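A short worksheet on the structure shown next.
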Amino acid sequence: AIYNGSLISASGEILYVSKPYHAEVRDSRLSEFPLGGHVRMLAAVEDGLWVATQDGTAFISGSGVDDFVYRRVSKHAPADGAFSVGVVQTAEGERYEVRWASPEGICLGYAGGRYVNLSYNDVALPSGASGRCHAFTENGTDRILAVVNNPVSGNIFTPK
């Protein structure tokens, strides 16, 4: 992910942040941000990063590692790779939108840590080893397609 001119990458449970506008330069003393588990999702929006580990989904704000603020948004996380990032039109102009498929259902993340669960109280998805999430428009209708590999039912959904 690219955020504030820095290349943000993940390996295991560590986020690595390059020097701004110098993706190949990193100071290991000032560029590592540990998380609580293997990173399943990493996506940048205008003012922060959406991340997920097996412990849940969070929004990280701040301009760099030394002032990152980690705020957990949900205890549920997507399967590894079951997310996508796109640009949407809003009243303020073009904005980034992060979409993911978690046991809560289809969720969206925006700048400022704004979190929307499109499936709340209607549907739940299984957890799984890995997956994909893709947004598209068909006949003027916005759709999100999610695939979860090796699904495991968690029974977190109780129908009406």
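The values are calculated or read from the model by the stated rules, or taken from the named source; none is laboratory data. All of these numbers come straight from a predicted model, not from anything done at the bench. Heads up, the Cβs are rebuilt from the backbone with ideal geometry, glycines too, and the neighbour counts pull from every protein chain shown. What goes into the accessible areas is simple: the full protein's heavy atoms, side chains included, and nothing from ligands, DNA or RNA. Shrake-Rupley method; radii C 1.70, N 1.55, O 1.52, S 1.80 Å.
Annotations
- Top-ranked residue of segment 2-16 - restricted to ones that are within 20 Å of GLU46 (Cβ to Cβ) and in a loop (DSSP other than H, G, I, E, B), ranked as most open to solvent (accessible area, probe 1.4 Å): ASN4
- Residue in segment 91-126 that is nearest to PRO78 (Cα to Cα), counting only those that are in a strand (DSSP E or B) and open to solvent by 50 Å² or more (accessible area, probe 1.4 Å): TYR115
- Looking across segment 60-69, the residues that are part of a strand (DSSP E or B) and buried (at least 16 other Cβ atoms within 10 Å of the Cβ) come down to ILE60, SER61.
- Selection status of ALA77, open to solvent by less than 40 Å² (accessible area, probe 1.4 Å), at pLDDT below 95 and not in a strand (DSSP E or B): yes
- Test: residue in segment 50-59 that is touching a residue at least 40 places away in the same chain (Cβ under 8 Å), under 16 Å from the mean Cα position of the chain (by Cα), closer than 22 Å to TYR115 by Cα and open to solvent by 40 Å² or more (accessible area, probe 1.4 Å): no
- Listed conditions (1) free of Cβ contacts under 8 Å to residues at least 60 places away in the same chain; (2) touching a Ser or Thr at 6+ places or on another chain (Cβ under 7 Å); (3) open to solvent by less than 30 Å² (accessible area, probe 1.4 Å); (4) not acidic (Asp, Glu) are all met by HIS38, apart from (3).
- Scanning segment 85-128 for residues that are among the hydroxyl-bearing types (Ser, Thr, Tyr), modelled with pLDDT of 90 or more and out of contact with any Asp or Glu (no Cβ under 9 Å at 6 or more places or on another chain), we see that the one that is farthest from ARG143 (Cα to Cα) is TYR115.
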